[in-house]
Amino acid sequence: MKVLAILYNGFKAAQQEPRLLGTVENKLGLDKWLASRGHELVVSSSKDGPDSDFQKHITDAEVLITTPFHPGYLTRDIMDKAKNLKICITAGVGSDHVDLNAAVEHKIQVLEVSGSNVTSVAEHVVMSILNLVRNFVPAHEMIERGDWQVSDIARNAFDLEGKVVGTIGAGRIGYRVLQRLAPFDCKELLYYDYAPLPANAVSNLKVRRVEDLDQFVSECDVVTVNCPLHEGTRGLVNEELLSKFKPGAWLVNTARGAICDAEAVKKALESGQLSGYAGDVWNVQPAPKSHPWRTMKNPLGGGNGMTPHYSGTTLDAQARYASGTKSILENYLDGKPQEPQNVIVGMGKYETKAYGQR
């Protein structure tokens, strides 16, 4: 059978560092193993447009592997052409690049390596919060320029201690963010989620659930987005919701770019309604050079903590999601049941509520 993998180019870095498994060059470590079993592996970064390798090879591929970091967008139209496609595997966490409703109808299974990069992303969230609150990026840029004016930085630098921090989404990543924030002695830790946390988790972390989203954001000094992208969360953080934020709040989004309205975020940052916005997710990826999040600033010339999408693809995470991808493939080839937590779409039906209550 043909296995098609859409990955990102590592170029010289991938040649120098073989642990960059999620690259075209290192092929998730699957090439020799699949060849030994008699299967064809096609790996490419070419994913956009009708002449891409993605659309060329998807027509007769049985397995598609792609990543959230360089996603091959599997739309309904492409599924219609993919007559042999049986299973789509996300090497990582987050399968919104697949039209999940169409996958249900086409009886294409969708799986991801659940939990493979949740620690990596949670750490990135905490780093991003501290970068914004402490006004780190403008301070570093000042040093690079050869300048030294402490007051220009300190006028917008704060402690995290004593602040109210809340997460939109308290699943595997959101909960780990709350865990990692507990030692900072925040004034309060809040969460907004359709599902309440278990009583022991609430007690251990002393967190409080706020069931109304407008009320939730109005109480937070820092809001972090840690929920999947689906019909119910696309554009969730829009101009109207941003107007309910505390003036000067900070916003971090490592979930999916499309959860936040790009122009609304830019407007809120430039007006000072937001003091800062940080994250590593964009809509679409790679982000065009003209994307407003690349260069937007607050009125004091800071507040931008954006990076390329790498929070969940540390070398440690790559080892986990490469291993998990192989395990999913092995189960598929050998006709063994998959780990339930990895299954997003089974045979013609959703197997999870992570992408909205169905």
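Where a number appears in this text, it was derived from the coordinates with a stated rule and is not lab data. In this text the structure is predicted, and so the values were computed from the model without any measurement. Every residue, glycine as well, gets a Cβ built from its backbone with ideal geometry; the counts of neighbours run over all protein chains shown.
Each principal axis of the Cα cloud of segment 118-306 was evaluated for its coordinate range; sorted largest first, these ranges are 52, 35, 30 Å. For the chain, the longest principal axis of the alpha carbon atoms and the long axis of helix 136-145 meet at an angle near 90°. Over the residues of the chain, the helix contribution to mean residue ellipticity at 222 nm works out to -9000 deg cm²/dmol, using -39500 (n - 2.57) for each DSSP H run of at least 4. Our summary gives segment 7-127 a relative contact order of 18 percent, counting only alpha carbon pairs under 8 angstrom and 6 or more residues apart. Ranked by how many other Cβ atoms sit within 10 Å of their own Cβ, fewest first, the residues I259, I78 fall in the order I78, I259. Residue order for Y192, Y321, fewest other beta carbons within 10 angstrom first, comes to Y192, Y321. Comparing E112, E270, E40 in a Gaussian network model of the chain, where Cα atoms under 10 Å apart are tied by springs, the biggest mean-square fluctuation is seen for E40. Cross-link partners of K32 among lysines, defined as those whose alpha carbon lies under 16 angstrom from its own and excluding same-chain residues fewer than eight positions apart: K2, K326. Computed from point charges on the beta carbon alone (+1 for Lys and Arg, -1 for Asp and Glu), the dipole magnitude for segment 118-306 about its Cα centre is near 260 Debye. Under 13 Å of direct C-alpha separation, and excluding same-chain neighbours fewer than eight residues apart, K107 reaches these aspartates and glutamates: E62, D80, D99, E351. For the chain, a simple Cβ point-charge model (Lys and Arg +1, Asp and Glu -1, everything else neutral) yields a dipole of about 460 debye relative to the Cα centre. For Cα pairs less than 8 Å apart in space and 6+ apart in sequence, what is the mean separation divided by the residue count of the chain, i.e. the relative contact order in percent? Contact order relative to length: 17 percent. Comparing K86, K206, K12 in a Gaussian network model of the chain, where Cα atoms under 10 Å apart are tied by springs, the biggest mean-square fluctuation is seen for K12.
Could you please state, rounded to a whole Å, how far the C-alpha centre of segment 226-244 is from the C-alpha centre of segment 175-190? Each part's Cα centre sits 22 Å from the other's. Simple rule: put +1 on each Lys or Arg Cβ and -1 on each Asp or Glu Cβ in the chain, find the dipole, and look at P299, A287, Y8; the Cα lying farthest toward the positive end is Y8. By the rule of a C-alpha distance below 20 Å, with chain neighbours fewer than 8 residues away ignored, the aspartates and glutamates paired with K289 are D48, D261, E263, E270, D280. Going down the table (K206/K246; K83/K336; K163/K267; K56/K353; K56/K336), which pairs top 26 Å between alpha carbons? Going by Cα-Cα distance, K56/K353; K56/K336 fall outside the 26 Å limit.
The base-10 log of I(q)/I(0) for the chain, evaluated at q = 0.07, 0.14 Å⁻¹, reads -0.32, -1.17 [Debye formula, identical scatterers on Cα atoms, solvent excluded]. Figure legend: label point modelled 7 angstrom from the Cα of D185 along Cα→Cβ; residues of segment 119-141 with amide N under 18 Å from it are 130, 134.
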